[in-house]
1. In a helix (DSSP H, G or I), hydroxyl-bearing (Ser, Thr, Tyr) and either touching a Gly at 6+ places or on another chain (Cβ under 8 Å) or modelled with pLDDT of 95 or more (or both): does that describe TYR32?
2. Of the numbered conditions (1) surrounded by 12 or more Cβ atoms within 10 Å (Cβ to Cβ); (2) modelled with pLDDT of 90 or more; (3) charged (D, E, K, R), ARG21 fails exactly one; give the number of that condition.
3. Filter the range 12-29 down to residues that are without any contact (Cβ under 8 Å) to a residue 40 or more places away in the chain and not in a helix (DSSP H, G or I) and give me whichever is farthest from ARG63 (Cα to Cα).
4. Quick one: is PHE44 at pLDDT below 90 and of a type in the set (A, V, I, L, M, F, W, C)?
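The values are calculated or read from the model by the stated rules, or taken from the named source; none is laboratory data. Bear in mind the structure is a predicted one, so any value in this text is a computation, not a measurement. Because the Cβ atoms are built from the backbone with ideal geometry, glycine has one as well, and the counts that use them run over all protein chains shown.
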Amino acid sequence: MPPQVSVENQLPQDLHDAMGRFIDGHPEWDQYRLVQAAIAGFLFQQGCQERAVVQHYLKGLFRRQDPQTAMELKR
């Protein structure tokens, strides 16, 4: 696993609220996955072709759940 870096950021309240509503409606997502997917998606859409960025972009889109979590979400 690549090293992790902590990032602090200020968001407009309405963007933060929308992020919270999305996460509430999609329990397989959390704020970390959402921000990572957003950054990787932005870089990818801007033409970044670095292998690591593309992998993070695809991982964010197609992340698999473990079977136990999937069963709990169906209940």
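1. When the stated conditions are applied, TYR32 does not pass them.
2. Only one criterion in (1) surrounded by 12 or more Cβ atoms within 10 Å (Cβ to Cβ); (2) modelled with pLDDT of 90 or more; (3) charged (D, E, K, R) is unmet by ARG21, namely (1).
3. Per the stated criteria, the residue is PRO12.
4. Answer is no for this residue.
Per-residue answers, yes or no, for (1) surrounded by 11 or more Cβ atoms within 10 Å (Cβ to Cβ); (2) touching a Pro at 6+ places or on another chain (Cβ under 9 Å); (3) at pLDDT 95 or above:
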| residue | (1), (2), (3) |
| --- | --- |
| GLN13 | no, no, yes |
| ALA37 | yes, no, no |
| CYS48 | yes, no, yes |
| MET71 | no, no, no |
